[in-house]
Amino acid sequence: MPETILLVDDDVKMKSIVAEVLQHEGFTILTAMNGKDALQILENNNVDLTLLDIKLPDIDGIELLKEFIRGKPSIPVIMISGFGTIDRAVAATKLGAYDFLEKPLEPQRVFVTIKNALEKSRLEKSQKALVEDMMIRYGVIGVSEALRKLCAAASRIARLDTPVLITGENGTGKELLANVIHQLSGRKTLVCMNCAAVPHELIESELFGHKKGTFTGAVADKLGKFQAADHGTLFLDEIGDMSLEMQAKILRALETKEVCMVGGNEITKVDVRFIAATNKNLQEEIQKGRFREDLFYRLRGVTLHIPPLRERQEDIQPLAKHFLDKFCQDRQMPKKRLPDETIKLLQEQEWRGNVRELKYVVENLAIFADDDSIDHLQVLTLLHSLSQTSKPETFNLLASTSTLKDITSLYEKNLILNALKETHGNISHAAEKLNIDRATLSKKIKRYGLKP
């Protein structure tokens, strides 16, 4: 199918000559005399490339370029500049135009520039499709450009043996990204360890293994994470929490590709792709003497930063829908939906806990929704409830051991506590706030063992 080019210029003679040349080369040509017509054509047709004169009768070509990029960013634009507009044409390329051509137009140069622009566009579309397929395959949910670029980078470095450092706040999905890199690498096993979750005295044994009898409870030889990840990938989360002593041992293992079990003398060669993650600024930790500079430079062969959710709001809608649909499906609950006003409210939140926090909130909303639509007022109520506790982690109402009755009771108890707190223990006022009668509230206070 021939590719379509939109030619925007008020010079009828020049436009006719260029159109004839391009039609001869097999292109379909659409023409416009002004910006208004050009926008209309772009909206109603599948255009592959635009040739845009910088001077038009109704709108400045630079302003029209901005409109094109805002509405159809994937369509390459080549600017046409006359005498005295070269500087502006150069400025247009900085705004996103592919290139510019000077009048009088030379047919061969026009054709070559268009051919190169279309080839680049096809390559970018192909790469974008590959990244989208990869995101679907490995469960990466989102539509933001930042997330697409991150996944594209992960795809490019996956088959390298270079260490990878993933940075980002808690809950942004660092382990998921490590898994994507591993899955694309072709290596064997992915072995994960959270450095902050393992007691300091056990980390060395966990990483390098131990010999029988090395310490109390060591009733048999045990392989460490490095040996388990041989010919695979070792992912260490929260590496910034590791002691300086252990950092030195990690550095040695990375440099020599050798490990020795605790209590043993035998050196074992390992082939491990190393991925580390942290929510800390390691350069600041180096300045404070809490992280080794040599290990930092060893780790940062490739550094991938995951932006916080508040900086990629366009990902909130697909994430929230995914979490809601999956939660309802897993628990065989009726399917629920998120209206636009609810999505807008979710997008306005800070999400300090990032994707993990969004997941918890959406799942809580699914439980307490009165019908198939989650009202934005329910979001406000839940967020207010969670904000009143000094320990937000206690409001992960979705512990796998909880029944629906347990979860409902916990939520109800929290609402009552908040109402009593806001009314300074006045039961009548609290009952009014909760829209129940005083006697019912008194019974619930007694049932939950609360003190007004």
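Tabulated data for the structure shown
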item	result
Selected residue (only one of T85, T31 is in contact with a Lys or Arg (Cβ under 8 Å, 6 or more places away or on another chain), assigned by TED's automatic domain parsing to the domain that holds K120 and either among the charged types (D, E, K, R) or modelled with pLDDT under 90 (or both))	T85
Unique match (being closer than 23 Å to L147 by Cβ, in the same structural domain as L190 (by TED's automatic domain parsing) and of a type outside the set (D, E, K, R)) among I316, I267, I275	I275
Qualifying residue in the stretch 111-127 (condition: part of a loop (DSSP other than H, G, I, E, B), at pLDDT below 85 and either surrounded by fewer than 18 Cβ atoms within 10 Å (Cβ to Cβ) or out of contact with any Asp or Glu (no Cβ under 9 Å at 6 or more places or on another chain) (or both))	no
Residue check for R187: of a type outside the set (A, V, I, L, M, F, W, C) and closer than 25 Å to K321 by Cβ	no
Residue satisfying condition, being modelled with pLDDT of 95 or more and either closer than 16 Å to L165 by Cβ or touching a strand residue (DSSP E or B) at 6+ places or on another chain (Cβ under 8 Å) (or both), within set D221, D237, D271	D237
Helices (runs of 4 or more DSSP H) within the stretch 362-452 that include 3 or more residues in the same structural domain as M333 (by TED's automatic domain parsing) and at pLDDT below 85	376-387, 404-422
Residue in the stretch 92-108 that is farther than 24 Å from E145 by Cα, of a type in the set (G, A, S) and touching a residue at least 24 places away in the same chain (Cβ under 8 Å) present	no
Test: residue in the stretch 280-298 that is at positive phi and surrounded by fewer than 13 Cβ atoms within 10 Å (Cβ to Cβ)	yes
Conditions (1) modelled with pLDDT of 95 or more; (2) surrounded by fewer than 19 Cβ atoms within 10 Å (Cβ to Cβ); (3) more than 24 Å from E258 (Cα to Cα); (4) not β-branched (V, I, T); number of the one not met by A197	(1)
Qualifying positions in the stretch 281-312 - without any contact (Cβ under 8 Å) to a residue 60 or more places away in the chain and under 18 Å from the mean Cα position of the chain (by Cα)	R310
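Yes/no matrix, rows are residues, columns are (1) closer than 17 Å to A38 by Cα; (2) among the aliphatic types (A, V, I, L, M); (3) out of contact with any Phe, Trp or Tyr (no Cβ under 6 Å at 6 or more places or on another chain); (4) surrounded by 15 or more Cβ atoms within 10 Å (Cβ to Cβ):
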| residue | (1), (2), (3), (4) |
| --- | --- |
| L56 | yes, yes, yes, yes |
| I62 | yes, yes, yes, yes |
| L65 | yes, yes, yes, yes |
| P76 | yes, no, no, yes |
| G82 | no, no, yes, yes |
| R88 | no, no, yes, yes |
| K94 | no, no, yes, no |
| E106 | no, no, yes, no |
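The values are calculated or read from the model by the stated rules, or taken from the named source; none is laboratory data. Note that the structure is a prediction, hence the values are computed from the model and not measured. Cβ atoms come from the backbone with ideal geometry, glycine included; neighbour counts cover every protein chain shown.
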